[in-house]
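Trainee: Quick one: this structure, given as structure tokens, is what I'll be asking you about.
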């Protein structure tokens, strides 16, 4: 397979919830994704750097995390339009709305017009999370518990690798199984869809809840690009305006040694 065939060529890419500065960040897989990426615009949809971890101690910053930042800045220098929409873990960046850093534009949110003319509200999504908005202390407690799950998940997957088994997300499994978590996700998705409608958009692209999803809610296209802690996913817009979720961990696992992975067949979004 040639190098060109291994490239991920798209019009626009959306990534969020990288959580640089934490041990849970899958920086190596993200670097693999960025090296393979050819796009006109890249949206960073919040929680890129984990400021909560910086405040709480235990800041973790290996070379791979620095490489991620450098690769993104290099994309901007090469002419890729990079738009940074901060989230709750990197909310300090919101103090710099409208500022350009090395070619990266910081924005509160954005309206993205796709190649087919559809308009999408791009926002992290934390403003539509009642826990983060009205009980931030509870969000910190939840974040602490989530990190415990990620730590257990890392050890669990180390054992799985010894037996030749693939990656499995414990925290994602628990989210799906817990009724309250399911109700929270449903409410969150509905709130984002309602906001997109209020803003006159055809759809919404967000992150925050670490659950990659693409579906239509009451006529509004809802796209969540997932995260780079558990699922290692991104949302991409093809040159004809079609969207899809790319599961990069699966692509990397299936690729031959030395390959960068390929994109799955595009799935059209229902209008």
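The values are calculated or read from the model by the stated rules, or taken from the named source; none is laboratory data. Please read all numbers here as calculations on a predicted model, not as lab measurements. Backbone-built Cβ (ideal geometry, glycine too); neighbour counts: all protein chains shown.
Trainee: For segment 60-96, which residues satisfy the criterion of being part of a loop (DSSP other than H, G, I, E, B) and over 19 Å from residue 208 (Cα atoms)?
Mentor: Answer for segment 60-96, where residues must be part of a loop (DSSP other than H, G, I, E, B) and over 19 Å from residue 208 (Cα atoms): 60, 61, 62, 78, 79, 80.
Trainee: Quickly run through segment 225-266 and pick out the residues that are within 18 Å of residue 121 (Cβ to Cβ) and either at pLDDT below 95 or assigned to a loop (DSSP other than H, G, I, E, B) (or both).
Mentor: 225, 226, 241
Trainee: Right, next: Can you spot a residue in segment 216-224 that is in a strand (DSSP E or B), in contact with a strand residue (DSSP E or B) (Cβ under 6 Å, 6 or more places away or on another chain), in contact (Cβ under 8 Å) with a residue 12 or more places away in the chain and within 18 Å of residue 42 (Cβ to Cβ)?
Mentor: Yes - at least one qualifying residue is present in segment 216-224.
Trainee: Just to check your reading of the model, which residue among 20, 42, 31 is over 26 Å from residue 127 (Cα atoms) and modelled with pLDDT of 95 or more?
Mentor: None of the other options fit; the residue is 31.
Trainee: Kindly indicate whether residue 69 is in contact (Cβ under 8 Å) with a residue 12 or more places away in the chain and in contact with a strand residue (DSSP E or B) (Cβ under 6 Å, 6 or more places away or on another chain).
Mentor: no
Quick grid of which residues meet (1) on the phi < 0 side of the Ramachandran plot; (2) in contact (Cβ under 8 Å) with a residue 60 or more places away in the chain; (3) crowded, with 18+ Cβ neighbours inside 10 Å:
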| position | (1), (2), (3) |
| --- | --- |
| 16 | yes, yes, yes |
| 32 | yes, yes, yes |
| 63 | yes, no, no |
| 81 | yes, no, no |
| 88 | yes, yes, yes |
| 102 | no, no, no |
| 109 | yes, no, yes |
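Trainee: Among (1) outside any helix (DSSP H, G or I); (2) at pLDDT below 95; (3) closer than 21 Å to residue 195 by Cα, which single condition is residue 124 missing?
Mentor: In the conditions (1) outside any helix (DSSP H, G or I); (2) at pLDDT below 95; (3) closer than 21 Å to residue 195 by Cα, residue 124 misses (2) alone.
Trainee: Name the residues in segment 202-215 that are more than 23 Å from residue 27 (Cα to Cα) and either at pLDDT below 95 or part of a strand (DSSP E or B) (or both), would you?
Mentor: Scanning segment 202-215 gives 203, 204, 214, 215.
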